[in-house]
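Taking it in order: structure first as structure tokens, then the write-up.
The values are calculated or read from the model by the stated rules, or taken from the named source; none is laboratory data. No experiment lies behind these values; they were computed from the predicted model shown. FYI the Cβ positions are ideal-geometry reconstructions off the backbone, even for glycines, and counts take in every protein chain you see. Ligands, DNA and RNA are excluded from the accessible area calculation, which covers all protein heavy atoms including side chains. Shrake-Rupley method; radii C 1.70, N 1.55, O 1.52, S 1.80 Å.
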Amino acid sequence: MSDHYEVVFSCFLRDDTPAPVLAALRWHMGIDDEGPDDLDPDDHPYPLLLSGQGRLPGGDIVSLRRTVQEFTSSGKRYEWELFVRIYWVDDLTLHLDALLELIAPHVARRGYDGYIRDEYDIEVKTFKFHDGTYDPVEI
């Protein structure tokens, strides 16, 4: 029998996040049909951020959008808002590090950026990004 997890990403990516990273995220989310050519198929064998399992109260949520974060004297400052709340089977956790490595260098703000939680646990294991990397998550 498989374990199941609630997985949440809630972070902002810098506006200068490279197009291939955004393309990879759109592919993982099911927005684009094909992943970028430079995405390693061993680390990213299939989309990991697809909504639709429907087992979480309130449903799955998958969103990537460019938003205005502040108005400055030189104009608007944008960031990419990434919010994902999905239901994972334990096999998908094998690729969590690859997903964290993909976005870590582009996270705009250090600190809490999401979590993973076994569906029957009350404790969460948080994703924390800083200085282009992330704190390892043990599942």
*Considering the range 19-49 alone, what residues qualify as being open to solvent by 80 Å² or more (accessible area, probe 1.4 Å), in contact with a helix residue (DSSP H, G or I) (Cβ under 9 Å, 6 or more places away or on another chain) and not aromatic (F, W, Y)?*
I31, D33, E34, D37, D38, D42
*Could you list all residues from the range 113-139 that are of a type in the set (F, W, Y) and within 19 Å of W88 (Cβ to Cβ)?*
Y115, Y120, F127, Y134
*Which residue out of L48, L64, L92 is within 21 Å of F129 (Cβ to Cβ) and modelled with pLDDT of 95 or more?*
L64
_Matching residues, the range 16-49, being under 19 Å from Y5 (Cα atoms) and touching a strand residue (DSSP E or B) at 6+ places or on another chain (Cβ under 7 Å)_ = M29, L49
*Picking from F83, F127, which residue would you name as being buried (at least 16 other Cβ atoms within 10 Å of the Cβ) and outside any loop (DSSP other than H, G, I, E, B)?*
F127
*asked:* Looking only at the range 50-104, count every residue that is touching a residue at least 24 places away in the same chain (Cβ under 8 Å), of a type in the set (D, E), touching a strand residue (DSSP E or B) at 6+ places or on another chain (Cβ under 9 Å) and more than 18 Å from W27 (Cα to Cα) and tell me the total.
replied: 2
